[in-house]
Amino acid sequence: MVNITYSGQKQDVFSSEKVSNLQTIHENLYKKQGAGSNFLGWLDWPSELSEEFMTNLKDTAEQIQKQADVLIVIGIGGSYLGAKAVIEALKPHFEKNPNFEVLFAGQHVSGAYLKQLMEYIDGREVALNVISKSGTTTEPAIAFRFLQRYMEDRYGEEASDRIYVTTDEHKGALLNLAKEKGYQRFVVPDDVGGRYSVFTAVGLLPIAAAGYNLNELIRGAKQAEEELSTFDIENNSAIQYAAIRHDLYEQGFTNEVLATFEPKLSYVQEWWKQLYGESEGKEHKGIFPVSVTYTTDLHSLGQYIQDGKRDLLESFLIVEEVDEDIELFEAEQNADGLNYLAGTSLHDFNLVAYKGTSNAHLSGGVPQIGIHLPKVDEYHIGYLLYFYMIACAYSAYLLEINPFNQPGVEEYKTNIFKLLKKPGYEAE
Ligand code: PA5
């Protein structure tokens, strides 16, 4: 479903030694025996999803659509990027007076953003979905403090019928608050980390509320789960992607530039950066994930990619077919000199631009991985996200890294708490 192509430095990806290492990783993954294996709940999640779970989510999404014009999703990192990635990929670029909108908060700390958000939603019916696995993350907690007060001022007791909480089943400040106020609750499973949680209620509730087809999204994820679970190097695109990028890493290509010509995928790129950066970047190892959107960035970072320091590998996320397109037409005057493009659609242009860019960067010494996605719809996005998650697990295990923890994100938090004199941190 997702096809991988490669051109660049000669590779020795599938020597018998490497295949045997990959096979061990594969076996450990499916026997749930590798590092962090108590966080492998996402591995068979799509096929394990119950009818009852899906119905509950869809019913709640319908209820939200009935009671509100705007759903504000409050979360950060894995608690917002999955939903944001899917919604941005599927929604139209422009929508006049949308009936229903999903907006995000708590993904950063900006007073101007929160103030303007509260002004923007005034006069519209609002619901909130607060998402935090730990239930203690500062940025969403700050946003929720403001928005909860906004809701209570505006709706009084009815506010609690409009606030939905997705958090741990047993612990955390958010869980306690949700219980106290009687908010409807959804669970982030114990064995699924934030960046692997897009197919749980974390991602699915906002995606369903936004009006997208959960069955198709999960059908794609399920298909990926099935196809990518076999140790068949010739056909398993996730193992191919992981093995190629690891081989390049060992040759000194320590930065991966994920490039796409489809602007709707820019939050899939953000989600991918979090997934790979947080899963692999440990113990002074890992490929640094960056992203570019072409052709926009050919007019900025393109220079560096073509000609800068040679430690980059480039992976192109290529959409093969688009639903909507326009063709260049013959102009009488041809003042802009574009008549040679008459009859070429903009998607055709991009496919040619891909070939041209890929060849140029290849001759500039940048190895190229092509990730070919047939089209952008729920089914294929579901497939793609699962593909990236499983490939990420292989990638991290190839580096002998636990893909599922994030010890490095704690240090900055502790420093901020000390500086702000959070109770318990004053002495430090
Ligand atoms: O992938 C992860 O685990 C993190 O990025 C978390 O999703 C992020 O830090 C938010 O955490 P929480 O959901 O506990 O608020």
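The values are calculated or read from the model by the stated rules, or taken from the named source; none is laboratory data. Note that the structure is a prediction, hence the values are computed from the model and not measured. Please note: Cβ atoms are built from the backbone with ideal geometry, for glycine as well, and neighbour counts cover all protein chains shown.
Selection of the stretch 135-150 for residues being hydrophobic (A, V, I, L, M, F, W, C), surrounded by fewer than 21 Cβ atoms within 10 Å (Cβ to Cβ) and either within 20 Å of residue 188 (Cα to Cα) or away from the ligand (no atom under 14 Å from the Cβ) (or both) yields 141, 146. Taking residue 123 as the residue in question, decide whether it is at pLDDT below 95 and more than 14 Å from the ligand (Cβ to nearest atom). Yes; evaluated as a whole, the condition is true for this residue. Of the residues in the stretch 421-428, at least one is away from the ligand (no atom under 16 Å from the Cβ), without any contact (Cβ under 8 Å) to a residue 60 or more places away in the chain, hydroxyl-bearing (Ser, Thr, Tyr) and not in a helix (DSSP H, G or I). A single entry from 315, 358 fulfils the requirement of being crowded, with 18+ Cβ neighbours inside 10 Å, farther than 28 Å from residue 408 by Cα, touching a strand residue (DSSP E or B) at 6+ places or on another chain (Cβ under 7 Å) and in contact (Cβ under 8 Å) with a residue 40 or more places away in the chain: 358.
Counted as qualifying within the stretch 38-123 are the helices (runs of 4 or more DSSP H) with 2 or more residues that are closer than 30 Å to residue 230 by Cα and among the small types (Gly, Ala, Ser), namely 81-90.
Please specify each residue of the stretch 346-393 satisfying the condition of being closer than 30 Å to residue 30 by Cα and of a type in the set (Lys, Arg).
Step one: list which residues in the stretch 346-393 are closer than 30 Å to residue 30 by Cα, which gives 368-393.
Selection gives 375 alone.
Of the residues 107, 116, the single one that is surrounded by fewer than 21 Cβ atoms within 10 Å (Cβ to Cβ), of a type outside the set (A, V, I, L, M, F, W, C), closer than 20 Å to residue 151 by Cβ and within 16 Å of the ligand (Cβ to nearest atom) is 107.
Given the structure, is residue 195 buried (at least 21 other Cβ atoms within 10 Å of the Cβ) and either in a helix (DSSP H, G or I) or within 12 Å of the ligand (Cβ to nearest atom) (or both)? Against the criterion (buried (at least 21 other Cβ atoms within 10 Å of the Cβ) and either in a helix (DSSP H, G or I) or within 12 Å of the ligand (Cβ to nearest atom) (or both)), residue 195 qualifies.
Residue-wise test of (1) out of contact with any Asp or Glu (no Cβ under 7 Å at 6 or more places or on another chain); (2) over 22 Å from residue 385 (Cα atoms).
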site	(1), (2)
8	yes, yes
17	yes, yes
28	yes, no
41	no, no
44	no, no
54	yes, no
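Of the residues that make up the stretch 50-70, is at least one within 16 Å of the ligand (Cβ to nearest atom) and either farther than 12 Å from residue 211 by Cα or not aromatic (Phe, Trp, Tyr) (or both)? Steps first, please.
Looking only at the stretch 50-70, we keep the residues that are within 16 Å of the ligand (Cβ to nearest atom), and these are none.
No, the stretch 50-70 contains no residue that is within 16 Å of the ligand (Cβ to nearest atom) and either farther than 12 Å from residue 211 by Cα or not aromatic (Phe, Trp, Tyr) (or both).
Filtered by the rule that a residue be outside any loop (DSSP other than H, G, I, E, B), over 18 Å from the mean Cα position of the chain (by Cα) and small (Gly, Ala, Ser), the stretch 221-237 gives a lone residue, 237.
Restrict the check to the stretch 94-104 and report whether at least one residue is modelled with pLDDT of 95 or more, within 16 Å of the ligand (Cβ to nearest atom), within 19 Å of the chain's Cα centre (by Cα) and not aliphatic (A, V, I, L, M). Yes, because at least one residue in the stretch 94-104 is modelled with pLDDT of 95 or more, within 16 Å of the ligand (Cβ to nearest atom), within 19 Å of the chain's Cα centre (by Cα) and not aliphatic (A, V, I, L, M).
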